[in-house]
Amino acid sequence: MLVTGAGGTGRTTVAAATACAAAAQGHRTLLVSAEPTRRLAALLGTEHGEGERPARPTPFRHGIPEPVAGLPGLWLLHVDSGEEFRGQAVALQERGKTVLDLLGAQPLDEDELTELPGAGTFALLRALRTAHGGGTAADGGQEEAGGRDSGWDIVVADMPPTPEGLNLLALPEQLRRYLRRLVPHERQTARALRPVLAQLAGAPMPAQWLYDATRRWSAELAEVQEIVESPATVVRLVTEPGPLAADPLRTAGAGLRLHGLALESVVANRLLPTGSADSWLAGLAGQQQRALKALRDTCAAESVPLCELPHLGRDPRGPDDLTALADAARTAVSADGPAGEGLHPPAGAARVPGTDVAYGWVEDRLSDDGKLVWHLPLPGAERDELELVRRGDELTVGVGPYRRVLSLPSALRRCRVTGAGLKAGVLGVRFTPDPELWPRRSGPPSDGD
């Protein structure tokens, strides 16, 4: 379960309460978070000593799942992006030692390395891979945690705020596409031929290490992409109801559907009590309730569960507060719900048989009006924030700050885009067969044509 939402809505608290609820139900649960150690220690109730600053360091170690005291069945995988960056940079220097020595370079020591912008994104992706047994964020991490690598029943990831959080989930697919374009594996030449080809071309040929590194990166990205795109992976969006919350939430919902992610539920967080005698508090609560009513209607229309969490009157702190919130956060914490509903064609849709569609579905309207229509579900999207560009055999679709490059199904590569329309949360892109490419027979082509 990937927990994200607008900044300042309490994503980390909701992620911790969700993980606490899963652990209370008997699931072996792992919480993945990159929040600062002191913030996590205060939230989970594991800080040492009294006052603002703990008397001694908290026990969370980077990349090593550890049990959370006072919350049986709950483990924490803390992501320290700075430590992760330094470790990766030192390892990279070691792998390139021969080249660096030839250049006369002076290697950087670990203690002088400063984390670069964007390092946290890759640290979190590696942590997701670690949580599913695909590697470790620290040497021997999961072995030290008890010898169990992918034995978690539920993994709850505390993601960055939207749109960064959702764009992070799309990164593995995008980076693999870049690698395929920039370093095509099929262009790799045999080592024996490289000197000859270099002389003919008058330029040095790419070294083997480049292809080896690209292959390794692509394999690791593929593992994370498989986790993100798994039917068992769902997203929980967090919001604090108010007049400015509806639009970012709607766009985020459309963005995650664009990337083929299932919306498990929406969490309305920090709900104030109603009926207060205090006019100021009553006014705030009334404003929340008006926004909450609109949110209930939207969630009901899209068949998405709405989870309502009360404001505790203080910052949540420790197992007791998390347990109180967990009782309200139990919505679909197992994978038994209808994840991905709305991402597939409706019953009876006239689809092109055998079409290789990664997202949405292709409708056959050749006999009616000579067109094929690619339907892309984008609930919540609005016409003025859509972007649609065809380039070669790819279609770039954008919704606000979210973009995805989709490979055209084989049947549509021989067609021209002749229009598009948004209706009932589904973008329909119309394709007309190109006479120069379309086979001279009736009916749509098969994948083998």
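The values are calculated or read from the model by the stated rules, or taken from the named source; none is laboratory data. As the structure is a prediction and not an experimental result, all values here were calculated from the model. Using ideal geometry, Cβ is built from the backbone for each residue, glycine included, and neighbour counts are taken over all protein chains shown. Ligands, DNA and RNA are stripped out before the accessible areas are found, and what is left, the full protein with its side chains, is counted by its heavy atoms. Shrake-Rupley method; radii C 1.70, N 1.55, O 1.52, S 1.80 Å.
Before moving on, here are some points about what is shown:
- For TRP152, the amide hydrogen comes within under 5 Å of no other amide hydrogen, counting only partners 5 or more places away or on other chains and with H modelled in the peptide plane.
- Segments 234-244, 13-23, 32-42 sorted - mean Cβ within 10 Å per residue, highest first: 13-23, 234-244, 32-42
- Extended-chain gain in nm, criterion 0.36 nm per residue less alpha-carbon gap, VAL90 and LYS423: 114.7 nm
- Contour excess over end-to-end distance, with Cα ends at ARG215 and LEU281 and 0.36 nm allotted per residue: 18.0 nm
- Karplus-derived 3J(HN,Hα) values for region 385-399, using 6.51 cos²θ - 1.76 cosθ + 1.60 with θ = phi - 60°, are 10, 8, 10, 9, 9, 9, 9, x, 9, 10, 10, 8, 10, x, 10 Hz; glycine and proline are entered as x.
- Solvent exposure of TRP152, expressed as accessible area, is near 30 Å², computed with a probe of 1.4 Å over the protein chains only.
- Less than 5 angstrom separates the built amide H of LEU31 from those of TRP75, LEU76, LEU77, VAL156, all sequence-distant by 5 or more or on a different chain.
- Coupling constants for region 214-226 follow from the phi torsions by the Karplus curve (6.51 cos²θ - 1.76 cosθ + 1.60, θ = phi - 60°), and in residue order they are 4, 5, 5, 4, 4, 5, 5, 5, 4, 5, 5, 4, 5 Hz; glycine and proline get x.
- Å² per residue, accessible surface of region 226-286 at 1.4 Å: 41 Å²
- Only protein heavy atoms count here; under a 1.4 Å probe, GLU387 has an accessible surface of about 70 Å².
- Sites GLU302 and ALA358 - FRET efficiency at Förster radius 25 Å, r taken between beta-carbons, to 0.05: 0.70
- Carbon and sulfur %, accessible surface of region 230-325 computed with the full protein complex present, 1.4 Å: 57 percent
- Heavy-atom accessible area order for ASP384, ASP327, largest first, 1.4 Å probe: ASP384, ASP327
- 5 angstrom amide H check on LEU2, placed H, neighbours 5+ away: ALA157, VAL234, VAL235, ARG236
- Near LEU2, once Lys and Arg are set to +1 and Asp and Glu to -1 for all other residues with Cβ below 11 Å from its Cβ, the sum equals 0.
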